[in-house]
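The values are calculated or read from the model by the stated rules, or taken from the named source; none is laboratory data. Only a predicted model underlies this, so the values are computations on that prediction, with no experimental measurement involved. Counting neighbours? That spans all protein chains shown, and the Cβs are built from the backbone with ideal geometry, glycine included. Accessible surface is based on the protein model in full, side chains and every heavy atom, while ligands, DNA and RNA are left aside. Shrake-Rupley method; radii C 1.70, N 1.55, O 1.52, S 1.80 Å.
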Amino acid sequence: GWCPLSSTGAQTTQLLVEPPWRPAVLWDRVTLTCQGLGTASATTWYKDGQRWGQEGLNNFTVTESGTYTCDRPGSGLSPPVHVVNATPVLQVSAQTLLEGDLLTLQCRV
């Protein structure tokens with residue numbers, strides 16, 4: 001699941017979410033992948049605003065609910081991804097949506 005890049009393209013760090021639904025649900029075995037300038041070893045991860053112990057990894061499977069961001073020195077901090085541990089949850093596709101697009105929602109219980 002790709003998150004949209006900004007108008008500056010690859011100059012902005014992004015978090016890819018798999019499976020590609022928002023909010024991400026912990027029991028889906030969510031994988032986060034940091035995409036930005038520089039190497040994976042330069043990645044710094046944050047959970048709920050605090051440095052997270054997954055530094056130097058490009059991706060990992062989430063084991064705790066929270067708000068995640070990643071940082072790459074060349075392209076900065078990513079937008080946040082929220083991972084919840086809740087049921088029921090109403091999810092929307094993580095793809096970029098424009099006015100007039102068909103919107104797919106799913107209710108998970």
### Fraction of accessible area attributable to carbon and sulfur, segment 14-108 (%, probe 1.4 Å)
54
### Summary
So the compactness index of the chain, its C-alpha Rg divided by 2.2 N^0.38 Å, takes the value 1.07
### Message
Could you tell me which residue out of 66, 82, 17 lies farthest along the dipole of segment 14-108 toward its positive end? Charges go on the beta carbon: Lys and Arg +1, Asp and Glu -1, centred on the Cα centre.
### Response
66
#### Entry: Contact order normalised by residue count of the chain, Cα under 8 Å, 6+ apart, percent
29
## Note on the structure
A correct Karplus calculation of ³J(HN,Hα) over segment 76-88, with 6.51 cos²θ - 1.76 cosθ + 1.60, θ = phi - 60°, whole Hz and x for Gly and Pro, returns x, 8, 6, x, x, 10, 9, 10, 10, 10, 9, 8, x
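Taking the Cα centre of the chain as the origin, how large is its charge dipole in debye, to the nearest 20, when only Lys and Arg (+1) and Asp and Glu (-1) carry charge on their Cβ atoms?
Approximately 120 debye in magnitude.
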